[in-house]
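The values are calculated or read from the model by the stated rules, or taken from the named source; none is laboratory data. The structure presented is a predicted model; accordingly, all values stated were derived computationally and were not measured. Cβ placement follows ideal geometry from the backbone for every residue including glycine, while neighbour counts extend to all protein chains displayed. Areas reflect the complete protein model, heavy atoms only, side chains present, ligands, DNA and RNA absent. Shrake-Rupley method; radii C 1.70, N 1.55, O 1.52, S 1.80 Å.
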Amino acid sequence: MAQRLLLRRFLASGISRKPPQGRWAPLISRALQAPEHSPGELTVTSSHARPLHTTRVCTTTFNIQDGPDFQDRVVNSETPVVVDFHAQWCGPCKILGPRLEKVVAKQHGKVVMAKVDIDDHTDLAIEYEVSAVPTVLAIKNGDVVDKFVGIKDEDQLEAFMKKLIA
Amino acid sequence: MSIFHNSVDSESKSKFLLQVKELFSSLGVEYNILELDQVDDGANVQEVLSEITNQKTVPNIFVNKVHMGGCDRTFQAHQSGLLQKLLQKESTYDYDLIVIGGGSGGLACAQEAAILGKKVMVLDFVVPSPQGTSWGLGGTCVNVGCVPKKLMHQAALLGQALKDSRKFGWEYNQQVKHNWEIMTEAIQNHIGSLNWSYGLSLREKSVAYVNSYGEFVERHKIKATNRKGQETYYTAAKFVIATGARPRYLGIQGDKEYCITSDDLFSLPYCPGKTLVVGASYVALECAGFLAGVGLDVTVMVRSVLLRGFDQEMAEKVGSYMEQHGVKFLRKFIPVMVQQLEKGSPGKLKIVAKSTEGPETIEGVYNTVLLAVGREPSTRKIGLEKIGVKVSEKSGKIPVNDMEQTNVPYVYAVGDVLEGKLELTPVAIQAGKLLARRLFGGRSEKCSYINVPTTVFTPLEYGCCGLSEEKAIEIHKKENLEVYHTLFWPLEWTVAGRDNNTCYAKIICNKVDNNRVIGFHILGPNAGEVTQGFAAAMKCGLTKQLLDGTIGIHPTCGEVFTTLEITKSSGLDITQKGC
């Protein structure tokens, strides 16, 4: 696994901090495009065009879309990331998920959380050696620095976050 | 692989040729035989042959253009592993083994082959049912068979247990009712975890898994088409067909549009409501059973007999119990048309059925019509004709020899596609494992299809191992048989006030063979659990004497087999009077 992370980081450093092709385009166009209006109607002010970085910082929990998304928002993240590997059919995941989100939100942006559905993103699950769910990884500067499998209570999760932020 | 032979020579040479042919067949290797006496230049060829090989005798065998020798040398090479090495050298195939079908048989075979160090691929693809249902890796058993069936059966049993519980002192005021969606979601979640674990297991054993539809295009080559229609080609030295079967439709108006099958039932997102089950197979009766058990209005439409192929006395008892407990039976009718009266989840369907004995027709209105009229092997559209694999015209099943080998030496088959073999998960698993061991592990053990136990999980369960009474009479003749039987009343049913004189146990003994137990039948709760142990005993050659010498565990249902006394031939009454 260590080699894979190294590879990811190497790839990341090789590519300049330029957003991956295509994926950001819609976001940009949405943000910059003139808000919807039809002829004759009043045009809404440009306050609708929000800069991208604001949108990202507001989301402490997000769903991973694909491999490049993971690379970008988790491995390359400056903020430590908690990765919640879960599945639709997993009962304990449904309990842990909201609990994690609550504890992450309490950290006021010092930690963010990425959610990965292992059936939708089996390749990611394989890469990070996830066999049972829920599996939660703590990733800091592209490295897995902590991990647990199964349910934890709020106190245990708080401790997990504290350790990650420190 | 070339074998030079001369059949004019003595008998012993033919024996050697036969031995060599058998060896190559068992290894799944194709061979060409050149009979020198039938070739124009035969004598000359034989001379040249002896010059280049220093061998004057036949059979004279070449493996991948390397001279092997005669029969003895070939067998020696097989023992030492040299033969396998020579055979592998030609292998420029992508894989040692490709398994088409990721169900019970396919996965077992693939994983065993991988454990033995082979490069293996599994292709699994579920063509959506006419209603659009699909599922993940694992095959019928995991997704739309044994697993959800048993869980829904359990749901029904729990409903019965709740009813019994009051008699055992449990007091509650709530009206107990069943929520179909909660049950189905929970079951589907478990299936999801199984799909994942199967994928994980394949990855851990380095088996390549592709979610694509596999079909043969030419010798040793298949085309894999994924959901998006992208085609990839793969080659392998050997193939195993494990594509299983899918529910059959009736071929009547409205069947595919409006009816559901077991493929759809276990993930149906809404309660089926008032249901008509068409069929009398174990699928039909088990489904009808648990649907009634969770409180639905259920009718079963039967064309002729119940549980064809099973012991008919037991089958009728199974049906009779269901009838006594609220399942309606329409015997000797077949549907001719299904019409939709109302759309919905569920909607309303009208079904018209015709009697098999006369001109009578009946009509009925149901929310759901479940067809369980048999299963069709998935062998018609996988390109078998392109490579010459023989498929039984009528049944669609694949005939194999006792090594699960088809008529094409490098193609094998396991599971429900096999002709004349039991359609059971453990049978497919065993066959798959042993096949892999024979192909790649140098083992020779064949799969035994004798005394395979099974259980029908109807509301009153029926477990059996060995022969039905009809089959036993057919094979051994009635006068050579002794049938011991008894009715029994499970202790748990007494306080609950449930039927006495309903549960039934029967063994069939072969008088000519030490009163060997050749048929075991039980109708009662936990029949599956009870039957499993006795199946092992039968494998050890259980006789009536050994059974009598076994002390029973009390109080259980299974113990009745240790005290069987009354024979059918005596005509004595087996009705139980009190404890």
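Only helical runs count toward this figure. For the protein assembly as shown, summing -39,500 (n - 2.57) over DSSP H runs of n ≥ 4 and dividing by all residues gives -10500 deg cm²/dmol at 222 nm.
Restricting attention to the stretch B:138-172, which chymotrypsin sites (Phe, Trp or Tyr not before Pro) occupy a DSSP loop and are surrounded by at most 10 other Cβ atoms within 10 Å?
In loop regions of the stretch B:138-172 (DSSP not H, G, I, E or B), the sparsely surrounded chymotrypsin sites (Phe, Trp or Tyr not before Pro) are B:Trp170, B:Tyr172.
Remark: chain B carries a charge dipole of roughly 820 debye about the Cα centre, counting +1 on each Lys and Arg Cβ and -1 on each Asp and Glu Cβ. Prolate is the label for chain B. Its Cα gyration tensor axes, ordered a ≥ b ≥ c, give a/c of at least 1.5 and a/b above b/c.
Checking the cross-link pairs B:Lys167/B:Lys274; B:Lys390/B:Lys471; B:Lys118/B:Lys381; B:Lys256/B:Lys348; B:Lys223/B:Lys386 against a 18 Å limit on the alpha carbon distance flags B:Lys167/B:Lys274; B:Lys390/B:Lys471; B:Lys118/B:Lys381 as lying beyond it.
Mean per-residue shielding of peptide B:197-207 is 2, counting Cβ atoms of other chains within 10 Å of each Cβ.
Near B:Val365, once Lys and Arg are set to +1 and Asp and Glu to -1 for all other residues with Cβ below 13 Å from its Cβ, the sum equals 0.
Sequence-ordered 3J(HN,Hα) estimates for the stretch B:181-188 from the Karplus curve with 6.51, -1.76 and 1.60 and θ = phi - 60° stand at 5, 5, 4, 5, 5, 4, 5, 5 Hz, glycine and proline given as x.
Beta bridges from DSSP with both residues in chain B: antiparallel share about 65 percent, rounded to the nearest 5. Computed about the Cα centre, the dipole magnitude for the stretch B:187-287 is approximately 360 debye when only Lys and Arg (+1) and Asp and Glu (-1) carry charge, each at its Cβ. Per-residue mean of foreign Cβ neighbours for B:184-193 is 3 (Cβ atoms of other chains, 10 Å radius).
Taking the longest Cα principal axis of chain B as reference, the axis of helix B:282-293 is set at about 30 degrees. What separates the Cα centres of the stretch B:351-422 and the stretch B:255-333 is a distance of 20 Å. Of the residues A:Val149, B:Gly309, B:Leu491, the one whose Cα sits farthest toward the positive end of the charge dipole of the protein assembly as shown, with +1 on the Cβ of Lys and Arg and -1 on the Cβ of Asp and Glu, is A:Val149.
Farthest toward the positive end of the dipole of the protein assembly as shown, out of A:Gln88, B:Leu49, A:Ala114, is the Cα of A:Ala114, where the dipole comes from beta carbon charges about the Cα centre. Comparing B:Phe333, A:Ile165, B:Ala431 along the charge dipole axis of the protein assembly as shown, the residue lying farthest to the positive side is A:Ile165, per the Cβ-charge model.
In terms of packing, defined here as the mean over residues of other Cβ atoms within 10 angstrom, the peptides B:563-573, B:527-537, B:453-463 line up highest first as B:453-463, B:527-537, B:563-573. Sites listed here are chymotrypsin sites (Phe, Trp or Tyr not before Pro) in the stretch B:322-368 whose DSSP assignment is loop and whose Cβ has at most 15 other Cβ atoms within 10 Å, and the list is empty. May I ask you to give the percent of accessible area on the stretch A:53-155 that is carbon plus sulfur, with a probe radius of 1.4 Å? Exposed carbon and sulfur together represent 51 percent of the surface. Among beta bridges from DSSP that stay inside the stretch B:2-87, the antiparallel ones total about 60%. Using a 1.4 Å probe over the heavy atoms of the protein chains, calculate the carbon and sulfur portion of the accessible area of chain B as a whole percent. Reported share for carbon and sulfur atoms: 51 percent. Remark: mean inter-chain Cβ contacts per residue of A:90-98 equal 1, using a 10 Å Cβ-Cβ cutoff to other protein chain atoms.
Peptides B:498-510, B:217-229 ordered by packing proxy, namely the average of other Cβ atoms within 10 Å per residue, highest first: B:498-510, B:217-229. Once A binds B, the 1.4 Å probe can no longer reach about 700 Å² of accessible area, counting both sides. How much net charge surrounds B:Ala156 when only the other residues with a Cβ under 14 Å from the Cβ of B:Ala156 are counted, with Lys and Arg +1 and Asp and Glu -1? Here the count lands on +1. Summing Cβ point charges (Lys, Arg +1; Asp, Glu -1) relative to the Cα centre of the protein assembly as shown gives a dipole of roughly 1400 debye. For a straight C-alpha distance cut-off of 15 angstrom, the aspartates and glutamates reachable from A:Lys102 (same-chain residues fewer than eight places away being disregarded) are A:Asp84, A:Asp153, A:Glu154, A:Asp155, A:Glu158. Note on the stretch A:83-130 and the stretch B:147-204: Cα centroid distance 27 Å, given to the nearest whole angstrom. Annotation: the antiparallel percentage among DSSP beta bridges lying fully within the protein assembly as shown is about 60.
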